[in-house]
1. Pairs under 7 Å by beta carbon, first residue at pLDDT 75 or above in the range 309-325, partner in a loop (DSSP other than H, G, I, E, B), six or more apart or different chains?
2. Kindly evaluate residue 210 against the criterion of being modelled with pLDDT under 70, over 22 Å from the mean Cα position of the chain (by Cα) and within 24 Å of residue 40 (Cα to Cα).
3. Could you tell me how many of the residues in the range 406-417 are crowded, with 16+ Cβ neighbours inside 10 Å and under 24 Å from the mean Cα position of the chain (by Cα)?
4. Residue pairs, Cβ under 6 Å, 6 or more apart or interchain, first in the range 77-101 and buried (at least 21 other Cβ atoms within 10 Å of the Cβ), second part of a helix (DSSP H, G or I) and at pLDDT 85 or above. List them.
5. Would you check which residues across the range 391-418 are over 13 Å from residue 358 (Cβ atoms) and in contact (Cβ under 8 Å) with a residue 12 or more places away in the chain and list them?
6. Looking only at the range 60-77, which residues are assigned to a helix (DSSP H, G or I) and either touching a helix residue (DSSP H, G or I) at 6+ places or on another chain (Cβ under 9 Å) or modelled with pLDDT under 70 (or both)?
7. Out of curiosity, is residue 126 within 19 Å of residue 113 (Cβ to Cβ), at pLDDT 80 or above, more than 19 Å from the chain's Cα centre (by Cα) and in a helix (DSSP H, G or I)?
8. From the residues in the range 186-195 that are assigned to a loop (DSSP other than H, G, I, E, B) and touching a helix residue (DSSP H, G or I) at 6+ places or on another chain (Cβ under 6 Å), which one is surrounded by the most Cβ atoms within 10 Å (Cβ to Cβ)?
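The values are calculated or read from the model by the stated rules, or taken from the named source; none is laboratory data. Bear in mind that the values here come from a model prediction, so they are computed numbers and not experimental data. Cβ coordinates were reconstructed from backbone atoms using ideal geometry, including for glycine residues, and neighbour counts include every protein chain displayed.
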């Protein structure tokens, strides 16, 4: 099977898994929002931010290192496993010890125990990262999709909702998160069993540590770039507003995040393998930018226009603040996920040092923007800072990749034109439909009609623009490699 046929197969299974998970996620979100106080979501959101901060070091880039290696044997696997478990255990203990300090920073005593319980999951993640990476390296996307769907549905549907109904509050969310991590770890190992008890090669451990230290530092910078606003909201506005802020972000990201994450998980091992084989990955990159951009921006703009209605339907009447956050973040998601594609491409090219310099520069710029705009505009100033930073980050990353992959300026202009045209047309259609046709309807009717109309218009635009882009090299590659597309291109 060709690499792009693997993309097709992986996207098919990934899409099926995403549709199932997203459907259940919407249902679970709506039910949990009515059973649990917003403050509980705020506690878990802040705990997850603290843990993600340490997780970039705890995971130590073991997964990408396994995926990118040209060849791998049992000695590599055992070395990766023991490095991962050792580092994960260390940071699990560190998180437990630092939890009171983290809680006192936010003046939330309840946060301590929540963070300590969730920190134990580091050890499970440290064990599972090898099996999960081997599945991705082997392009076993069907298995990955099934594991993701089963672990999420059972953990939140059976465990989370049951405990929430029993009045367990924040602990229902903690139990759901923990169950999902454990189930995913067990199922991944059963589907990809590997050596565990073997002699450890110290030199191979050092190689994993050397690669992982750089990878983790980049992740550390990216973490602060994407989470500084949430930390400030939790510190300045409290757990209830932090919970609404978290839910607003989730709604903004959800329609785009699931699809792009599937694509990234599939494309990263394929691009790494192509690079190791001496194949030029420029067309893979252009295809990824076009696919993500032409999906993320129109969908994000639609969510922004109907954000108040969507939040009211999903969360109820007491989450108005989340609607405002959704409006802002939906306009930003396109840049966030294009940057994810650019970062993934630089990882596959092993351009770790250049990526590190860009991320550090963008983080400094973000901090300066926060310090200037937050005193003037408050929370909207934070959002503006994030938006500008992500836009500049994309320009910087794409400029470097344009030089590195020898992409012509005319190709970049064509891609920007296609994405902009589809986004503006879909946005204008959605806005006028809301203001001129659906203004008197209930939120549910308005979103259902608008959503159906958006899908129809979007599909029509895709058929129209396919004739404009079919002569691009990356589209020609896709057409030649994936047979079912020949009827459309």
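1. 311/319
2. Spelling it out, it is not the case that residue 210 is modelled with pLDDT under 70, over 22 Å from the mean Cα position of the chain (by Cα) and within 24 Å of residue 40 (Cα to Cα).
3. 1
4. What qualifies is 88/123; 92/119; 92/123; 95/119; 99/112; 99/115; 99/116.
5. If the condition is that a residue be over 13 Å from residue 358 (Cβ atoms) and in contact (Cβ under 8 Å) with a residue 12 or more places away in the chain, then 391, 405, 406, 407, 411, 412, 414, 415, 418 are the ones that fit.
6. Selection gives 62, 63, 64, 65, 66, 67, 68, 75, 76, 77.
7. no
8. That would be 192.
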